[in-house]
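J.: Here it is: the structure, laid out below.
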Amino acid sequence: MNVAFRRRLAHKFAHVCVNKSFGKLVLDDVDLVYTKSLSLKKLILSGQELKHLEVVPEFCSHDEEREIMVEVDRALRRKRYEYDHWDDAIHGFRETEKSQTAWNDTNKNVISRLSRQIFSSQADGNPLLNVHVLDLADNGYIKPHIDSHKFCGSTIAGLSLLSTRVMRLQHEKDITQQIELLLLPRSLYIIRNELRHNFTHEILLECNNSVFKITEPPSRRVSLIMRSQPDNIVKTT
Ligand code: OGA
Ligand code: MN
């Protein structure tokens with residue numbers, strides 16, 4: 001069964017133009033996160049306890065990235081990029097799942113570091129055993145969607161490899177509530193709680209309407225995604 005299809009609830013509203021007067025938020029001395037809404041800034045900066053959003057640049061080294069890609073390429077070698085259905089959440093992708101324990105020893109180190117960073121406290125839930133590997137082609141992108149609550153709890157995190165893309169988070173009901181993340185290669189993002197439950201997330205192809213101006217044409221990007229186990233109480237609003 002197609003893992004993507006099980007995990008994503010696609011949202012079909014059109015892309016919304018970004019207001020260029022976004023304020024700037026500085027995390028870890030790198031300008032990776034933009035939002036124009038004061039309440040969102042408060043949400044993001046609401047302290048260690050809630051930790052709705054984390055972005056960690058250079059989470060792994062170039063060597064670690066290369067070593068992970070050797071195993072990823074081997075796991076994906078028989079799969080073709082899928083472009084089939086216009087209404088699926090993802091366009092131009094291949095994917096697989098690989099148990100946290102199934103990586104070689106070098107990569108297992110990175111995976112367990114990832115797991116420790118993402119699931120650092122009880123409130124973050126317990127990780128699903130499988131790491132979801134998503135490979136976007138040069139022309140691949142992810143439309144706005146919310147991951148299905150049936151298969152995933154309050155925490156979603158991704159280690160981005162190979163190329164820079166922009167992730168946009170947008171409140172389901174209030175289009176003024178929008179955040180953009182610059183996902184550099186080897187950076188880790190973590191979205192939790194409200195940002196995971198009530199905001200759609202997407203990976204842009206072109207950055208024409210983004211606050212981030214990436215000059216290189218979009219190219220292949222691989223992400224290792226870890227999610228928490230589904231919550232017992234499913235939020236429906
Ligand atoms: C997904 C998804 C984001 C990423 O697979 O549902 O949103 O970082 N992926 O690749
Ligand atoms: Mn998703």
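J.: Within region 184-235, can you find the residues that are free of Cβ contacts under 8 Å to residues at least 24 places away in the same chain and under 19 Å from P144 (Cα atoms)?
T.: Selection gives E206, N208.
J.: Please find, within region 79-108, the residue that is nearest to D138 (Cα to Cα) out of those that are touching a helix residue (DSSP H, G or I) at 6+ places or on another chain (Cβ under 8 Å) and in a helix (DSSP H, G or I).
T.: N107
J.: Can you tell me how many residues in region 109-168 are hydroxyl-bearing (S, T, Y), within 16 Å of ligand 2 (Cβ to nearest atom) and either out of contact with any helix residue (DSSP H, G or I) (no Cβ under 9 Å at 6 or more places or on another chain) or on the phi > 0 side of the Ramachandran plot (or both)?
T.: So the answer is 2.
J.: Consider only pairs whose beta carbons are under 9 Å apart and that are at least six residues apart or on different chains; among these, list those whose first residue lies in region 149-173 and is over 21 Å from L184 (Cβ atoms) and among the small types (G, A, S) and whose second residue is within 11 Å of ligand 1 (Cβ to nearest atom) and in a strand (DSSP E or B).
T.: Taking only residues 6 or more apart or on different chains, the pairs are G153/R227.
J.: Tell me, which residue of region 164-198 that is within 15 Å of C152 (Cβ to Cβ) and hydrophobic (A, V, I, L, M, F, W, C) is surrounded by the most Cβ atoms within 10 Å (Cβ to Cβ)?
T.: Result: I191.
J.: If you don't mind, there's one more thing I want to ask. So, Q100, is that one within 19 Å of the chain's Cα centre (by Cα), closer than 18 Å to L134 by Cβ, at pLDDT 60 or above and surrounded by fewer than 18 Cβ atoms within 10 Å (Cβ to Cβ) or not?
T.: Criteria met by Q100.
J.: To continue, here is another question. Filter region 170-206 for residues that are more than 10 Å from the chain's Cα centre (by Cα) and among the hydrophobic types (A, V, I, L, M, F, W, C); which is nearest to V222 (Cα to Cα)?
T.: L184
The values are calculated or read from the model by the stated rules, or taken from the named source; none is laboratory data. These figures come from a predicted structure and were not determined experimentally. Every residue, glycine as well, gets a Cβ built from its backbone with ideal geometry; the counts of neighbours run over all protein chains shown.
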